[in-house]
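Notes to accompany the following structure.
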Amino acid sequence: MRIPRKMEHVHHALNLGQSGEQGFSDIKPVPNCLPESSTRLISLQTIIGGLNLSSPIIINAMTGGAHETEEINRDLAIAARETGLAMAVGSQMAAIKNPEVASSYRVVREMNPNGFVFGNLGSEAAVEQAERAVEMLRADALQIHLNVMQELIMPEGDRDFQGMLERIRLIQEHLRVPLIVKEVGFGMTRESISLLCQAGVRVIDVGGSGGTNFAAIENARRTSPMDWLNEWGCTTAVSLIEATNALAASIGKGTPAAMSLIGSGGIQGTMEACKALALGASAVGMAGAFLRTLRSNGREALIQQIERMHEELRLVMTAMGAQTIAELWQHPLVITGQTAEWCSARGIS
Ligand code: FNR
């Protein structure tokens, strides 16, 4: 029997790993040897689309829609419950089209009845499908993913991308829970971010390159790979800088109160998470790194990894003299290397 596509994605994501070129080695927080702080004073709380989260780490969208994915979603949901993390499921379109597979997503809500659960659909979704996706999970928010390059490399993928922004605008207008628009690892620039803001979107997950690479994953599934597309996109560091630049241009410096950014793509540890937050993100999304721990070392190891990250974030924030995530945004950063070159070529100071 053919392995379902959802499990092929899991296997290829683990086999191919992450390049680690998400741009964070170009971002250096300026050290502060007199931080006037204490680990006791650090708060990891954050707000995304009006939701008060106890942790700035989110388990990002991965899976659902096939039997084996139910087990993965169950373990991820238990880890999310035990550590207080918000968690997104993978695209629910499979369950919208075939309700028989809905249990592989619903398990996330069943395991974590009181936690923050985010639904997920592609930008082909209509308002009514978005509402059904939310209902399926009693979701606290819905992610709409943008993945044009992935679709184009997938032989069975979409070829027509007209009307995406208008469908997003309609979902934003009608949905009764916050909408998060996310990339899946090709990044976003200020032009697209400005268009999303104009369409009313208030939460953006920039999903930059340097982590799980969906061009490489789809190429690994093709009989005639187009590997020359594996470098497509812009890094997570660049995407966050582009995003804060787009928002600052319209509403002043820093992330405006009504707007939240999520930094994702290649976040594997505390320092990358901390740098993404310092670049203006309210939260970070992690997918591939958590999947790897779960599949290699099991659920308890994943819970320990998340707890360790919380502890380490408190340590680094203490050293930086930032007691809250919002204070991290004010921390001075030096930007070097290719990220600095990109900023200069794009006129971002
Ligand atoms: C994903 N991702 C994803 N995203 C999405 O919006 N809907 C989806 O169905 C999936 N499916 C999926 C499957 C697997 C196996 C992985 C590893 C990832 C993308 C994910 O949410 C994230 O945007 C990227 O993986 C980049 O983050 P990392 O993996 O570099 O932390």
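A few notes on this one:
- Counting all C-alpha pairs of the range 162-303, share separated by more than 24 Å (%): 38
- Largest first and in whole Å, the equivalent-ellipsoid semi-axes of the range 240-328 read 27, 16, 9, each the square root of five times a Cα gyration tensor eigenvalue.
- When the pairs Lys6/Lys28; Lys6/Lys182; Lys6/Lys275 are compared against a 29 Å limit on Cα-Cα distance, Lys6/Lys28; Lys6/Lys275 fall above it.
- Extension gain, Met271 back to Glu135 (0.36 nm per residue minus Cα-Cα distance, nm): 45.3 nm
- Nearest-0.05 FRET efficiency for Glu341 and Arg169, computed from C-beta distance (R0 41 Å): 0.75
- At the listed q of 0.11, 0.12, 0.13, 0.16 Å⁻¹, the Debye profile of the chain, built from one uniform point per Cα, gives log10 I(q)/I(0) equal to -0.67, -0.81, -0.97, -1.55.
- For the range 157-171, 3J(HN,Hα) computed residue by residue from phi via the Karplus equation (6.51, -1.76, 1.60; θ = phi - 60°) reads x, 5, 10, 10, 10, 7, x, 4, 5, 5, 5, 5, 4, 5, 5 Hz, glycine and proline entered as x.
- In this Cβ point-charge picture (+1 for Lys and Arg, -1 for Asp and Glu), the chain has a dipole of about 340 debye about its Cα centre.
- Relative contact order (%) - the chain, alpha-carbon pairs under 8 angstrom, separation at least six: 24
- Size descriptors for the range 1-144 (Cα atoms only): Rg and Dmax, in that order, 18.0, 62 Å.
- Exposed trypsin sites (Lys or Arg not before Pro) absent: longest stretch of the chain, with sites in DSSP loops and at most 11 other Cβ within 10 Å deemed exposed: 3-158
- Residue order for Ile47, Ile72, fewest other beta carbons within 10 angstrom first, comes to Ile47, Ile72.
- Over the chain: helical MRE at 222 nm, DSSP H runs n ≥ 4 each giving -39500 (n - 2.57), nearest 500: -13500 deg cm²/dmol
- For the range 141-197, the list of GluC sites (Glu not before Pro) that fall in a loop by DSSP and count at most 12 other C-beta atoms within 10 angstrom reads Glu156.
- Relative contact order (percent, whole number), the range 1-105, Cα cutoff 8 Å, 6+ residue spacing: 25
- Tilt relative to the chain, helix 299-320 - C-alpha long axis, 0 to 90 degrees, to 10: 20
- Where a label projected 7 Å from the Cα of Ser54 along Cα→Cβ would reach, residues of the range 314-328 with amide N under 19 Å: 314-315, 324-325
- Whole-Å semi-axes of the ellipsoid equivalent to the range 145-187 (Cα gyration tensor, √5λ, descending): 23, 13, 8
- For Glu68 and Arg222, a Förster radius of 25 Å and the Cβ-Cβ distance give a FRET efficiency of 0.65, rounded to the nearest 0.05.
- Sparse-neighbourhood loop sites, GluC sites (Glu not before Pro) in the range 1-64 - DSSP loop, at most 14 other Cβ within 10 angstrom: Glu36
- By the beta-carbon count within 10 Å of each Cβ, the least crowded to most crowded order of Val181, Val148, Val203, Val89, fewest first, is Val148, Val203, Val181, Val89.
- Taking amide H positions as modeled 1.01 Å from N, with prolines and chain starts lacking one, the residues under 5 Å from Thr235 and 5 or more places away or on another chain are Ser209.
- Extension gain, Ala326 to Asn32, is 104.1 nm, computed as 0.36 nm per intervening residue step minus the present C-alpha separation.
- Coupling constants for the range 129-143 follow from the phi torsions by the Karplus curve (6.51 cos²θ - 1.76 cosθ + 1.60, θ = phi - 60°), and in residue order they are 5, 4, 5, 5, 4, 5, 4, 3, 10, 6, 5, 8, 7, 10, 8 Hz; glycine and proline get x.
- Phi angles of the range 212-220 translate, via the Karplus equation with coefficients 6.51, -1.76, 1.60 and θ = phi - 60°, into HN-Hα couplings of 4, 10, 6, 5, 5, 5, 5, 5, 5 Hz per residue; Gly and Pro are given as x.
- Spin-label model distance (nm) - Glu231 vs Ala248, 7 Å beyond Cα toward Cβ: 2.8
- Which of Cys33, Cys343 has the fewest Cβ neighbours within 10 Å, and the rest in rising order: Cys33, Cys343
Read-outs throughout are calculated quantities, based only on the coordinates presented, and are distinct from any laboratory measurement. As the structure is a computational prediction, the values presented were derived from the model and not from experiment. A quick note on method: Cβ atoms are made from the backbone with ideal geometry, for glycine too, and the neighbour counts reach across all protein chains shown.
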